[in-house]
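The structure appears right after this line, and notes come after that.
The values are calculated or read from the model by the stated rules, or taken from the named source; none is laboratory data. Predicted model only: the values in this text are computed from it and were never measured. Surface areas here come from the heavy atoms of the whole protein model, side chains and all, with no ligands, DNA or RNA. Shrake-Rupley method; radii C 1.70, N 1.55, O 1.52, S 1.80 Å.
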Amino acid sequence: MKLREYFEKTAGTGIMATADAEGSVDVAIYSRPHVMEDGSLAFVMRDRLTRRNLKSNPHAAYMFIEDGPGYRGKRLFITKVRELDDDPLIQKLTRRSLTPEEDAAKGPKFLVVFEVARELPLIGGDG
């Protein structure tokens, strides 16, 4: 199953791991990525630790744990290729329903785009 179809049809929990230039690691809950036409993955981000880490180190890992019994999902090793502040596109891709006031209070949003360097199953694989 291609990533676009997988993320459109599969419910679960996503976790992104990043590190800054000095190697200090962070993990954060992230929604399913948006799979773009060119196969890249895009995440809507606020200006918080994950985004700040990506400014000095473009490499990250995204783990998606499928809902349901057992341990199924994917591990994606990703590299940031660009960042957009295209407000209409970000608004179109935003999944959370906040009032305009609540949204503005949380700060600006950015669309961070990654290429997938490697894909492994949640458990096993060639590690």
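Mind listing just one residue for me: the one in region 100-127 that is at pLDDT below 80 and among the acidic types (Asp, Glu) and, of those, farthest from the chain's Cα centre (by Cα)?
Within region 100-127, the match that is farthest from the chain's Cα centre (by Cα) is Asp126.
Can you list the helices (runs of 4 or more DSSP H) found entirely within region 31-127 that contain at least 3 residues being polar (S, T, N, Q) and open to solvent by 60 Å² or more (accessible area, probe 1.4 Å)?
Filter on region 31-127 gives an empty set.
Out of the residues in region 1-30 meeting the condition of being of a type in the set (Asp, Glu) and within 18 Å of His59 (Cα to Cα), tell me which one is most open to solvent (accessible area, probe 1.4 Å).
Glu22
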